[in-house]
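Notes follow once the structure below has been shown.
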Amino acid sequence: MIKIGLVGAGFMGQTHHKAYRQFEGAAVTAVCDLDAEKAMKLAGVWNAEIFTSLETMLEQSDIDAVDVCLPTDLHRWAVERAAAHGKHVFCEKPIAASTEDAEAMIQACRAAEVIFMVGHVVRFDPQYRAARQQLLAGRLGTPGVVRTVRSGAFPAWSPWFADYARSGGPLIDLAIHDFDFLHWCFGPVRRVFSRQVTREQFDHTLTLLRFESGVMAHVEASWAYPQGAPFQTSIEIAGTKGLVQFDRGAAATIVQFGGAKGVAAESPTFKSPYALELEHFVECIRNGAVPLTSGEEALEALRIGLAAAASALRQKPVEMGAGR
């Protein structure tokens, strides 16, 4: 049994707590949050220890790994301390707010010889994986144009999201999901062009990515919907032979060939994508494998996100690769 120390009992901490209960082989044996009452609500289900200090948890609790569900600006602090105590680390996305912090986190875990995985959960979503499998199998022919949407209301449940120095805004916190998935599918990005409309608790972004392969992606990420509006995600990949589409609000993934009738993809498993990614993390601890969403992979997604943020600020395209 892999013993997990869950750090942060907020929205994502609760999400991870539920995910661990969907598979065997891991248990949350310690929960840490500055708010002891919030920590107690999660810890009680597991009969886990409760801590209000990460340092104390690392020194006193018998855990194998730390699961970091803290605001982005605290990721480096938590990951470095966990690595220094020889604990394997899972860290929610984005890896960090800067490449300097991300590189330091990667180095700290490498030096400590511990597993380091970042929570880019879209790679574990069965529908997105099905779309990628259609692409890799050649059923779409040569890919040309991709469209993704990830949108909803401003995440008002945590006020730190409004401080973009901490969260990075929707380009770093939200679009990062699609930047990572698209990089996984299509490889290095050559050019980034982004536009952003920002008001108080209203932010809409649109980013165009040109990949080295020639593929062009249209990435929409928005915190501009009214409170209570459903969270929406979709992806469309168009190639010379076919089209694959997934819309969270639709019944199934559809693959079309030359206008032919669509073919439904395989139904997803009962496990949530969060359970699938955390189960992968636990398996990597057991066998010493490099995680699918390693720190190095997460750093590449962050580079794209930072380029998009720079493009939106300057209102000019940003060329990737300079100084790399």
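The values are calculated or read from the model by the stated rules, or taken from the named source; none is laboratory data. Small disclaimer: the values here were computed from a predicted structure and weren't measured. Here the Cβ is made from the backbone with ideal geometry for all residues, glycine too, and neighbour counts use every protein chain on show.
Among the residues of the range 15-22, is any in a loop (DSSP other than H, G, I, E, B) and under 30 Å from THR148 (Cα atoms)? Scanning the range 15-22 turns up at least one residue that is in a loop (DSSP other than H, G, I, E, B) and under 30 Å from THR148 (Cα atoms). Among the residues of this structure, ALA83 does not count as one that is crowded, with 18+ Cβ neighbours inside 10 Å, of a type in the set (Gly, Ala, Ser), assigned by TED's automatic domain parsing to the domain that holds VAL66 and in contact (Cβ under 8 Å) with a residue 60 or more places away in the chain.
If you go through the range 4-22 and pick out every residue that is buried (at least 16 other Cβ atoms within 10 Å of the Cβ) and either more than 14 Å from VAL68 (Cβ to Cβ) or small (Gly, Ala, Ser) (or both), you end up with 8. Starting from the range 282-305, keep only residues that are within 14 Å of TRP184 (Cα to Cα), then list their pairs with residues that are of a type in the set (Phe, Trp, Tyr) whose Cβ atoms are within a distance under 6 Å, requiring at least 6 positions of separation or different chains. From the range 282-305, the pairs are GLY295/PHE116; ALA301/PHE179; ILE304/PHE179. The set of residues from the range 214-238 being in contact with a helix residue (DSSP H, G or I) (Cβ under 6 Å, 6 or more places away or on another chain) and at pLDDT below 95 comprises just one member, TRP223. Looking only at residues that are aromatic (Phe, Trp, Tyr) and surrounded by fewer than 17 Cβ atoms within 10 Å (Cβ to Cβ) in the range 203-236, which one is farthest from ALA131 (Cα to Cα)? Within the range 203-236, the match that is farthest from ALA131 (Cα to Cα) is TYR225.
Part of a helix (DSSP H, G or I), free of Cβ contacts under 8 Å to residues at least 60 places away in the same chain and under 23 Å from the mean Cα position of the chain (by Cα), is that true of ASP73? Judged against the criteria, ASP73 is not a match. Taken over the range 286-305, the criterion of being surrounded by fewer than 22 Cβ atoms within 10 Å (Cβ to Cβ) and among the aliphatic types (A, V, I, L, M) is satisfied by ALA289, VAL290, LEU292, LEU299.
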